[in-house]
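Computed from the coordinates by the stated procedures, all read-outs in this text should not be read as laboratory data. On a predicted model such as this, the values are computed, not experimentally measured, just so you know. Using ideal geometry, Cβ is built from the backbone for each residue, glycine included, and neighbour counts are taken over all protein chains shown.
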Amino acid sequence: GIQVEQSPPDLILQEGANSTLRCNFSDSVNNLQWFHQNPWGQLINLFYIPSGTKQNGRLSATTVATERYSLLYISSSQTTDSGVYFCAVSSNDYKLSFGAGTTVTVRA
Amino acid sequence: DTGVSQDPRHKITKRGQNVTFRCDPISEHNRLYWYRQTLGQGPEFLTYFQNEAQLEKSRLLSDRFSAERPKGSFSTLEIQRTEQGDSAMYLCASSPVAVYGYTFGSGTRLTVV
């Protein structure tokens, strides 16, 4: 199966700081999604981004499919951004392979 | 539409007992997925349904696990003769035909003691 590596594993930020999370994957994919898992376990879809760049408020993401990586940018971080961020990829149309996640802690 | 619902939220069971979890997908979604997540890891695919047909099962899904989706609506995941290694969060998701429409439920956390 496709291997997904996320870095860094842990990130501690002061409120207002910017950060970049990285996702590397081992094979060609036709689907890449970023999720945020809140402290209660709920996984929220942030972006569907198999290629290109998207922005949603303070979050943006870029995927360079030919080089097999994606970046998630968090700007002006807030305490509500805390949680685990997962990158998930797929080369078919049904199964997602997840990375181990980046745990983000934003301190007030 | 209230999203994907899972019941129960938490389940504590003794080793060797059987447990059953339920998932109610978003009504217009014809695909339903089950994932398992252990502490510190990302979710791992277990199985998925398109309508009532179970189309793929991961090798993680041993013979003790069975999933059903009668009439293509809600789904159940049963674990027989639970083991301590089954302790995990069991996540259900649903989507329209295309996988990019994934919506996850809040999960069922299973603890086997």
For segment A:27-48 and segment B:34-103, what is the separation of their Cα centres, given in Å?
17
Counting other C-beta atoms within 10 Å, and keeping those with at most 15, which DSSP coil trypsin sites (Lys or Arg not before Pro) do you find in segment B:35-113?
B:R59, B:R64, B:R81
From a point 7 Å beyond the Cα of B:Q17 in the direction of its Cβ, which residues of segment B:64-81 have a backbone N at a distance under 15 Å?
B:79-81
Select from B:L39, B:L91, B:L61 the residue whose mean-square fluctuation is largest in a Gaussian network model of chain B (Cα-Cα springs shorter than 10 Å).
B:L39
Around B:Q17, which amide H atoms from residues at least 5 apart in sequence, or from another chain, sit under 5 Å from its own amide H, with H modelled in the peptide plane?
B:T82
How crowded by other chains is B:42-54, given as the mean number of beta carbons from other chains within 10 Å of each beta carbon?
3
Lysine pairs, Cα distance under 25 Å, 8 or more residues apart or cross-chain: how many in the protein assembly as shown?
5
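What FRET efficiency comes out for the pair B:H10/A:A108, r = Cβ-Cβ distance, R0 = 22 Å, nearest 0.05? Mind showing how you got there, number by number?
On the way: r = 30 Å, r/R0 = 1.35.
Rounded to the nearest 0.05, the efficiency is 0.15.
At R0 = 25 Å, how high is the FRET efficiency between B:L39 and B:Q80 if r is their beta carbon distance? Nearest 0.05 is fine. Could the numbers behind the result be given before it?
On the way: r = 23 Å, r/R0 = 0.93.
Given R0 = 25 Å and the Cβ-Cβ separation, E is 0.60.
With the cut-off at 1.5 for a/c, could you classify segment B:66-113 from its C-alpha gyration tensor as rounded, prolate or oblate? Could the numbers behind the result be given before it?
Details: a/c = 3.26, a/b = 1.72, b/c = 1.90.
Here segment B:66-113 falls in the oblate category.
Could you work out the local net charge near B:P25, counting Lys and Arg as +1, Asp and Glu as -1, over the other residues with Cβ closer than 10 Å to its Cβ? Could you put the intermediate results ahead of the total?
Values: positive: B:R31, B:R69; negative: B:D24, B:E28.
It works out to a net charge of 0.
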What are the ³J(HN,Hα) values, in whole Hz, obtained from phi via the Karplus relation 6.51 cos²θ - 1.76 cosθ + 1.60 with θ = phi - 60°, for each residue of segment B:31-43 in sequence order, with x given for Gly and Pro?
10, 9, 10, 10, 10, 10, 10, 9, 4, x, 10, x, x
